[in-house]
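The values are calculated or read from the model by the stated rules, or taken from the named source; none is laboratory data. No experiment lies behind these values; they were computed from the predicted model shown. Cβ placement follows ideal geometry from the backbone for every residue including glycine, while neighbour counts extend to all protein chains displayed.
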């Protein structure tokens, strides 16, 4: 289990980035948080077990997910690792891709 200490001021999906097969997630780190060694963005279809993950450079503050299914609900969270033993997760946010025309 990861620490529940909040290291994120805000994580959200940029509303005007949502399309049929993509969206962009943006976040800011708490000013008191140390620069992480590793930052991972995790996402999955709602109610699925498996999380997909991508490593992101620690100083980045947004990432676009592409190749998603249209009209599908997704859950997204961040995992920040400062050391091999210490990690912090963000809250899970939810969004949905647009339906196809």
Within the bounds of the range 67-84, is there any residue that is over 18 Å from residue 28 (Cβ atoms), at pLDDT below 95 and in a loop (DSSP other than H, G, I, E, B)? yes
Tell me yes or no: at least one residue of the range 68-75 is surrounded by fewer than 12 Cβ atoms within 10 Å (Cβ to Cβ), without any contact (Cβ under 8 Å) to a residue 60 or more places away in the chain and farther than 30 Å from residue 101 by Cβ. no
Can you tell me how many residues within the range 49-66 are at pLDDT 95 or above, surrounded by fewer than 12 Cβ atoms within 10 Å (Cβ to Cβ) and not in a strand (DSSP E or B)? 2
